[in-house]
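The values are calculated or read from the model by the stated rules, or taken from the named source; none is laboratory data. It should be emphasised that the depicted structure is a prediction, and the values quoted were computed from it without experimental measurement. In this analysis, Cβ positions are derived from the backbone assuming ideal geometry, glycine residues included, and neighbour counts consider all displayed protein chains.
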Amino acid sequence: MLFADTVVGDPAVHKPKIILIMVMVATVLFTLFGLNDTIFGEFMRPVIGEPKESGFFGNASIGLVMAIIVVINIVLIGFLPFRIQILIVWFELLLLFLTFFYSFGLNYQFIQSKIWFMITQGVFTTLYISAISIILASVLAIVGAIAKLSSNGFAFAIASFYTSFFRGLPLLMQVYLIYLGLPQLGYVIDAVPAGVMALTLCYGAYMTEIFRAGIQSINKGQWEASRSMGFGFGLTMRRIILPQAMPLIIPPTGNQFIAMLKDSSLVSVIGVWELMFLARTLGNKDFRHMEMLITAALIYWVLTVCLELVQSRIERHYRTASH
Amino acid sequence: MKLNRRIFTFATGVALALSASVSFAGEAMDRVMSSGTLKVATDANWAPQSFLNDENKMDGFDVDVAREVAKRLGVEVEFVTPSWDIITAGNWNGRWDLSVGSMTPTKSRAEVLSFPEVYYYTPASVAVHKDSAAQSVSDLDGKNVGASTASTFDLYLRKDLTIDAEGTPAFDYKITPGAIKSYKDGTAAMDDLRLGDGVRIDGMVGSLPAILAGIENNYPLRVLGDPVFYEPLSLAIDKGDTEFNDKLAGIVQEMRADGTLKTLSEKWYGIDYTTAIE
């Protein structure tokens, strides 16, 4: 909630002035859109006559009717409780999206014939590459964060150079540099390890900063207290600092996980058969790119929604644990 | 101090985990024969030369040729699909042994790759949207013309195309485009051209079989005039293994002599593209 007070007023969408403005704006927009030769024109045929010949009058009257329907919808939703509002608005937006995709005239049979392979090959590869990278990046981030906080000049210099370099280069470039550059040094690295390495190094750098900020946010007194009790560095970190830093570290880390899942698509340039690669190639022979791209887009979306749900679960866990 | 040691242990551990699959390059012929597999690099995004078929396996003219080559070498075949610019950049370091990717042996590519033998020739043609007013290739002078980046079509538009293979028919540059738009592949150029005449581009140069395949799949395009040049297409290997080079050349000559190449060409293109056309 923006304001956590108890002042209750009419919802904004029930004020007559705002309703009027909404109707006017929507009418103008719908009129400019020119809906004469769409299905809405057919519905309005009794009023405006032949839709194609009705010109501005047709456009404007369809616009007005559409605007009134939309605004009635908004006003009605305004009466409902918060949770139901969310459900209905989500449902309506989703419906709009689906109509949008439906209007492309996609070949669903083609999607059906390919989707199983996209999941078993594409989603599987995407998930395992992301999972390995996330685990390695977390390890790297803890090491990096400790190094950045240490008083050792070497450790600090290496860690800060690392975060600066890998946050400063585009991830796509890192993928190319590792895949093409390492062999020049004598290491011939395969596509999948090269991709995992690029993702690990890049996200490790971002997560280093997150971990460092989390650890730094803990009051100095906590360190002093545990030091005075004779705790060593490792014990202090494990038992005192990290448990308190976790609630601050987890939410942005979850964000990184979600971002990484999508950035793993960059690995497709070096020929790994993950979801993005298949989205580009499966439709190639039959010239059905839109079908495959939209399918892959929806799969990515579903995957991130799952991750978002997990993230909000974990966040809630830490919120209740810390308060 | 203790902390530092831990950092190094961690770092070494990560480095080891990442380098687990490292291998060193050797002589290509020995590698193929000792491992019993021929690793072939092909583009998965280039029907009908190479693409994923209905069973989601690699298929197409190039793929069939690669299978036949492996069969005659007496080894298994395995396909990898790095992007085109990585293949043409050379320095494969033993990642794969051979490219059967309809590659034109240009002078600059010959600096980093060896071309054992040309296995077929395709006509390069100009395509325009079917509403276009252009009547001949030179009508595209000063217009926006698309081609896939780093391809022979791109080089042709830049008037910088040198093909140094025997039996290549001579050609001259017939277009002076106003601007050249580069695409990831030929399909992307066709996708832009289908939007309408001059919406994003006014025309494109691409391989005739690919353009015809697009037209067959309801792309609103039309082929303009005669092919602008014929490109010889060759197998490619990394530099430095003459034994492998000669062996592959022998196999392709054999495949041409016994009609295998002709059969494959007719299977995939409906036309015999395997001999040089005047």
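Of the numbered conditions (1) out of contact with any Phe, Trp or Tyr (no Cβ under 9 Å at 6 or more places or on another chain); (2) under 30 Å from residue B:184 (Cα atoms), residue A:290 satisfies every one except a single condition; which is it? It fails just one condition, (1).
Looking across region A:177-191 at every residue that is surrounded by fewer than 19 Cβ atoms within 10 Å (Cβ to Cβ) and under 21 Å from residue A:260 (Cβ atoms), the one that is modelled with the highest pLDDT is identified as A:177. The single condition from (1) surrounded by fewer than 18 Cβ atoms within 10 Å (Cβ to Cβ); (2) part of a helix (DSSP H, G or I) that residue B:156 fails is (1). Residue pairs whose Cβ atoms lie under 6 Å apart, separated by 6 or more positions or on different chains, with the first residue in region B:199-224 and in contact (Cβ under 8 Å) with a residue 24 or more places away in the chain and within 14 Å of chain A (Cβ to nearest Cβ) and the second aromatic (Phe, Trp, Tyr) and surrounded by 16 or more Cβ atoms within 10 Å (Cβ to Cβ), are B:206/B:153; B:209/B:269. A single member of A:90, A:116 is modelled with pLDDT of 90 or more, in a helix (DSSP H, G or I) and not assigned by TED's automatic domain parsing to the domain that holds residue A:278, and it is A:90. Scanning region A:274-288 for residues that are more than 7 Å from every other protein chain (Cβ to nearest Cβ) and part of a loop (DSSP other than H, G, I, E, B) returns A:274, A:283, A:288.
Among residues that are buried (at least 17 other Cβ atoms within 10 Å of the Cβ), touching a helix residue (DSSP H, G or I) at 6+ places or on another chain (Cβ under 6 Å) and either basic (Lys, Arg) or free of Cβ contacts under 8 Å to residues at least 40 places away in the same chain (or both), residue A:226 is included.
Yes/no matrix, rows are residues, columns are (1) touching a strand residue (DSSP E or B) at 6+ places or on another chain (Cβ under 9 Å); (2) within 11 Å of another protein chain (Cβ to nearest Cβ):
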site: A:124; (1), (2): no, no
site: A:130; (1), (2): no, no
site: A:140; (1), (2): no, yes
site: A:143; (1), (2): no, yes
site: A:150; (1), (2): no, yes
site: A:165; (1), (2): no, no
site: A:190; (1), (2): yes, yes
site: A:197; (1), (2): no, yes
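Residue-wise test of (1) free of Cβ contacts under 8 Å to residues at least 60 places away in the same chain; (2) charged (D, E, K, R).
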{"site": "A:258", "(1), (2)": "yes, no"}
{"site": "A:268", "(1), (2)": "yes, no"}
{"site": "A:288", "(1), (2)": "no, yes"}
{"site": "A:293", "(1), (2)": "yes, no"}
{"site": "A:296", "(1), (2)": "no, no"}
{"site": "A:302", "(1), (2)": "yes, no"}
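Selection over region B:33-72 of residues that are buried (at least 21 other Cβ atoms within 10 Å of the Cβ), in contact (Cβ under 8 Å) with a residue 40 or more places away in the chain and of a type in the set (A, V, I, L, M, F, W, C) gives a count of 8. Evaluate the following for residue B:100: is it part of a strand (DSSP E or B), surrounded by 22 or more Cβ atoms within 10 Å (Cβ to Cβ), at pLDDT 90 or above and not assigned by TED's automatic domain parsing to the domain that holds residue B:264? In short, no.
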